[in-house]
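Nothing in this text is a laboratory measurement; each read-out follows from the coordinates by a stated rule. Keep in mind the model is a prediction, meaning the values are calculated, not measured. Positions of Cβ are backbone-derived with ideal geometry, glycine not excepted, and every protein chain shown enters the neighbour counts.
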Amino acid sequence: MMIEPNYSISHRILKHISQIEAAKEVIENAPLVPFWERQFREEKALRQIHHSTKLEGNMLSLDEVEAVLSGEKIVAKRREIQEVINYRKVTEYIDMFQSSDKTQISEDTIKTVHSLLVHEILPDKWSGEYRKANVVIEASDTKEVTHRAPDFEAVPELVRSLVDWLNSEEIADVHPILKSGIFHVIFAKIHPFIEANGRTSRAVSTLILYLEGYDIKKFFSLDEYYDEDPLSYYLALQSVQGIDGDMTEWLEFFSEGLAVELDRVKRRVLEMSKEYKTRKSKGQIALNERQELILHYLEDHGQIRNKDWRELIPDVSDDTVLRDLKDLMDKEVIEKKGKTKAAYYQLTD
């Protein structure tokens, strides 16, 4: 079976893509110290894990998820703890996949993601294996059937067709956001596994964006947007009637979600850039860990003197720290005030 997505490029989709491109430009070029880049990525990973598992019924709070990821013991259901651990493995796999020389997603990629998600949750016979029974999707409140997935015997061919479509030359000019959104909804409609289809579709859709140059420093999490209003998310998915159904409404929702999430990230990035007063610098500012410590100290205290940085970085020679300070001055991040023993450093205006 050939996958031929049915959709129109609406005004809303174009508007959202324009907003996404504008936010992407700001985020990728904002001068941020490495400390904040790491913090953004760590926060994103935490939110992604929490919200994607919560969408599927996991009851752990954000703080509890953070505790689990830190290796702390918490009182909770074993399955919920395992779901969090498994999703972290998926985020690590996605990062590894992106940093490798692989450029295309395969069936094995999808099966690997699923296997990681259900590790020690489902029996091994269902891990990364397509379902062997027919399924229907019901509304959680009314139990009304909202979707009848394709016959289980058709699943292998449907997934292969979806992967072939994703990697075909015919869609080389299709915008990455549309590719990701189309994969997301078609995969959900195929419902190839007995469990964890939602988490698998969201994870692979994210990987598609990453491979197409839309990782955007890995600062964003679409799962959080969906989890803020799960009903709208599921209604948008249900708006597509089967694999051949019109996907326009869903793609409007999908692109809006990314636009909203990236606008949040953009505002935070700009706030951090302003806070560290590096907005006048050109390009990304490369800093070492000692320089990061100095900047954090300046942000908290306003100025730093010789005695301060000797206490802040006691195991480093004066010459090394002075070179770090001179480098920051050359980059116009800080400036020196006063002379001799009364001299101090502050962030540039």
So what's the range 158-270 giving for Cα Rg divided by 2.2 N^0.38 Å, two decimals? 1.05
Helix 34-55 against the longest principal axis of the chain: what's the angle in degrees, Cα atoms only, rounded to the nearest 10? 30
Compute the distance in nm between two label points, each set 7 Å from the Cα along the Cα-to-Cβ direction, one at K102 and one at E212. 1.9
On a 0 to 90 degree scale, rounded to 10, what angle separates helix 318-330 from the longest Cα axis of the chain? 70
Return one number: the angle in degrees, 0 to 90 and rounded to the nearest 10, between the long axis of the Cα atoms of helix 78-99 and the longest principal axis of the Cα atoms of the chain. 70
Please list the three semi-axes, largest first and in whole Å, of the ellipsoid equivalent to the range 289-347, using sqrt of 5 times the eigenvalues of its alpha carbon gyration tensor. 14, 13, 12
Quick one: 3J(HN,Hα) in Hz for the range 212-224, Karplus 6.51/-1.76/1.60 with θ = phi - 60°, rounded, Gly and Pro as x. 8, x, 10, 6, 6, 6, 6, 9, 10, 9, 5, 4, 5
Rel. contact order, % - alpha carbon contacts under 8 angstrom, at least six apart, the chain: 25
Only Cα pairs under 8 Å and at least 6 apart count here; give the relative contact order of the range 289-347 as a rounded whole percent. 39
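Percent relative contact order of the range 25-157, based on C-alpha pairs within less than 8 angstrom and at least six residues apart?
15
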For R38, R47, order by how many other beta-carbon atoms lie within 10 Å, fewest first: R38, R47
Cβ under 11 Å from A172's Cβ, A172 left aside: what net charge do those residues give with Lys, Arg +1 and Asp, Glu -1? -3
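List the trypsin sites (Lys or Arg not before Pro) in the range 59-125 that DSSP assigns to loop (not H, G, I, E or B) and whose Cβ has at most 14 other Cβ atoms within 10 Å. Which are they?
Here the trypsin sites (Lys or Arg not before Pro) that fit, given the DSSP loop and packing criteria, are K73, K77, K102.
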Would you compute the Debye intensity of the range 134-190 from its alpha-carbon atoms alone, equal scatterers and no solvent, and pass along log10 I(q)/I(0) at q = 0.14, 0.21, 0.23 Å⁻¹ to two decimals? -0.49, -0.84, -0.91
For the chain, what does the helix formula give at 222 nm: sum of -39500 (n - 2.57) over DSSP H segments with n ≥ 4, over the residue count, nearest 500 deg cm²/dmol? -19000 deg cm²/dmol
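How much length is gained if the chain between I121 and K307 is pulled fully straight, taking 0.36 nm per residue apart and subtracting their Cα-Cα distance, in nm to one decimal?
61.4 nm
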